[in-house]
Amino acid sequence: MEELAEVIAIENGIISVVSQIKSSCNSCSQVSTCASGQIAKAIPHKKLSFTLSASALLNRQLVQVGDCVVLTLPEIDVLQSAWQVYILPIIGLLSFSALGQWLKIQGMLSHELLALGVGLVGGYLGYRLAKYLQSNPEHQEKLQPKILRVIPKPLVVDVKQID
């Protein structure tokens, strides 16, 4: 995944960048007739700003304030993170719900609400597992954007006419 951002400040090895948040609704062919597209047009686009360490540079490229940089994030890490956050709670909910239902059928639980409670506990445990995996420092390091390349700002040439 790649995104363009503008360097707005560099201080003590910390690079501050700002990026335009884009809505996916603007690229659809139905944007003029879709309610979501109309809302996306009405709401002004916001900017996302964050900081990167100078170690985020590849090949020690020279970065200056005003340069446009291409930020990258490995897709496999983003997909793995999304899988953990969305699927693990669902797996916990479904598997513990099945366990609760089995316990109800076996007569170990006296009421359906207790089986439901077992399912909710499984969903919560899946959520906690996902949160634990996401808080791993190695995993968080993988999800930090890195500067792929620098696009230098264009030169401004002041041309005076000679008469």
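The values are calculated or read from the model by the stated rules, or taken from the named source; none is laboratory data. Model, not experiment: these values are computed from the prediction. Positions of Cβ are generated from backbone atoms using ideal geometry, with glycine treated the same way; all protein chains shown enter the neighbour counts.
The figures follow:
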quantity: Residue identified as of a type in the set (Val, Ile, Thr), at pLDDT below 90 and assigned to a helix (DSSP H, G or I) among 150, 69, 78, 65; calculated: 78
quantity: Near pairs, Cβ below 8 angstrom, 6+ apart or cross-chain, from region 136-147 (under 20 Å from residue 6 (Cα atoms)) to any residue that is not aliphatic (A, V, I, L, M); calculated: 143/77; 143/81; 145/3; 145/50; 145/72; 146/72; 147/61; 147/72
quantity: Qualifying residue in region 127-137 (condition: under 30 Å from residue 63 (Cβ atoms) and at pLDDT below 85); calculated: no
quantity: Residue 108 being under 26 Å from residue 150 (Cα atoms) and either at pLDDT 75 or above or surrounded by fewer than 11 Cβ atoms within 10 Å (Cβ to Cβ) (or both); calculated: no
quantity: Qualifying residue in region 109-118 (condition: without any contact (Cβ under 8 Å) to a residue 40 or more places away in the chain, of a type in the set (Asp, Glu) and closer than 26 Å to residue 80 by Cβ); calculated: no
quantity: Residue count, region 124-155 (criterion: polar (S, T, N, Q) and out of contact with any helix residue (DSSP H, G or I) (no Cβ under 9 Å at 6 or more places or on another chain)); calculated: 2
quantity: Condition met for residue 3 (acidic (Asp, Glu), surrounded by fewer than 12 Cβ atoms within 10 Å (Cβ to Cβ) and modelled with pLDDT of 75 or more); calculated: no
quantity: Of the criteria (1) farther than 30 Å from residue 19 by Cβ; (2) assigned to a helix (DSSP H, G or I); (3) among the hydrophobic types (A, V, I, L, M, F, W, C); (4) touching a helix residue (DSSP H, G or I) at 6+ places or on another chain (Cβ under 8 Å), which one residue 85 fails; calculated: (1)
